[in-house]
Structure formats: C-alpha cells, structure tokens
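Okay, so here's the structure we're looking at.
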C-alpha cells in the first residue's frame, strides 16, 4: 500500500518546494469560499446578534478553525464590509424580479421611493445586521451621515447628479434623506429586538482606506469635502421646522373637518 511521505503532509515544506499556492490548496477546507463565509456571517448575526460575532465563533459555525477564514476575509472589518455589500447587493440585483430593484428606475423620485422600500425590506429581513449598514465606512469615514455601503452612496449621488442636481444640492438631499431613512429604520429594528450600538471608529481604518480604490466612486470623491462637513445643528433645526409646519397643516385640516385631529401619515 502506498504511503504518504512527510513532505507531502507538511504545508510549510510544500510552500518552499512548490510555492505558497500549493500549500494553500493543501490546507484549504473543502467547499469554503468568501461567499459561503459571508452568508454564514449574515446567518450568525441574524441568529445571535452582531456583538456575538467573532472570527473564532464564525469559524466554529462553519466547522473550521478561525485561521482558515483569513484566506478569504483578511480581518473583521473586511468581513463586516462583505456582509454589508452582500445584503445591499439585493437592491441592485433583480434576479427575483423585485419591484424595488433601484437600477431600473423612472426618475429620481422613483429611485428614492424604491431605495426607501428596499432598505426597509433589508432592515426587516436582517434587523440585527441593519445597524451595521448605518455605520461609518472604514474606507471613507468622512461620509456624513454614515452609510457603510460606498456603492449605495455613489448610486444616490450619481442618480441625483444625472437628474440635474448640483453637487451641494445632491449632498444636501443625501443628508436629509438618509437621516430620515436611517433614523426611522433604526428605531423600527429596535422594536423587533435588534441591538443598536456605537459601531463606527472615530478615526476610521487606515488600512481599509489604503486598500479601497475610491476612484471607482467618482461622485463620492468629487463631493468628499461636502460630505465631510458637519451641519448637524442646522439640519436638526430645519427638520424640526418642517415637522412643525406639517403639524400645523394637520391641525388646520382637523379644524376644517369633523374637529378630530388628523393622521400624520
């Protein structure tokens, strides 16, 4: 019976003799790839929450050592980026004939409506994952309000730019729209048990910034200075003013009807 020599079982020796790729093939768990890891991470977060996610626990759920995951996801930040990319991808992927597929829109208003409903469906399908979407992107921590998916920010700015919005107007629209949408959906997912915590890092991730080629996001790069401005106080006052105006209209309508206060919807 043929026997296997020591050098054939030693990945370090094989790496020296035949190259690192041969050693990786020897030690790579069968059937393990990046997509499988990301899907397992989403399932893990859905089941146990984001705070419980570690590379060791994720590896255990896949039946492998944590070190085996690093061949496909360099670290936790890359893993979280991949999780966000995978769930946000459903907004751009029409494989299921989803009527919120945002690429095939009819004008910027239709785009914003589709995006809002698509994001809400993601939040309801993955309430424990959703707070991660509303966190600071490691590759572009200057985006305000934070949205971890750079592809989504680029899509938003590009759609409004193509519709005739100037860069300042597009950024103002992004701020108002995302503040409304993220605020509403974060409150909604907390009502169904999601744990919302501070997930962003004050200084971002320098290594992630270095890895990410932002030239793929021309609208994002062009508006970097605008997106990095902190106008929270002014935007809060403006939103509050708009709400008061809306409540005044509700009161006016109520007085002109049966005397009952109308619905805010």
Of 91, 62, 80, 53, which residue is under 29 Å from residue 136 (Cα atoms), in the same structural domain as residue 128 (by TED's automatic domain parsing), surrounded by 12 or more Cβ atoms within 10 Å (Cβ to Cβ) and at pLDDT below 95? 91
Looking at 163, 128, 172 in this structure, which one is out of contact with any helix residue (DSSP H, G or I) (no Cβ under 8 Å at 6 or more places or on another chain) and more than 22 Å from residue 213 (Cα to Cα)? 172
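When you look at residue 181, is it modelled with pLDDT of 90 or more and surrounded by 17 or more Cβ atoms within 10 Å (Cβ to Cβ), yes or no? If you could, list the steps in order and put the result at the bottom.
Numbers: modelled with pLDDT of 90 or more: yes; surrounded by 17 or more Cβ atoms within 10 Å (Cβ to Cβ): yes.
Yes, satisfied.
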Out of segment 207-228, which residues are surrounded by 14 or more Cβ atoms within 10 Å (Cβ to Cβ), outside any helix (DSSP H, G or I) and at pLDDT 85 or above? 217, 223
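To keep it simple, each residue is scored yes or no on (1) out of contact with any strand residue (DSSP E or B) (no Cβ under 6 Å at 6 or more places or on another chain); (2) free of Cβ contacts under 8 Å to residues at least 40 places away in the same chain; (3) within 25 Å of residue 223 (Cα to Cα).
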{"site": "67", "(1), (2), (3)": "yes, yes, no"}
{"site": "73", "(1), (2), (3)": "yes, yes, no"}
{"site": "84", "(1), (2), (3)": "yes, no, yes"}
{"site": "87", "(1), (2), (3)": "yes, no, no"}
{"site": "119", "(1), (2), (3)": "yes, no, yes"}
{"site": "130", "(1), (2), (3)": "yes, no, no"}
{"site": "153", "(1), (2), (3)": "yes, no, yes"}
{"site": "158", "(1), (2), (3)": "yes, no, yes"}
{"site": "169", "(1), (2), (3)": "yes, yes, yes"}
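The values are calculated or read from the model by the stated rules, or taken from the named source; none is laboratory data. Bear in mind the structure is a predicted one, so any value in this text is a computation, not a measurement. Note: ideal-geometry Cβ built from the backbone for every residue, glycine included; neighbour counts use all protein chains shown.
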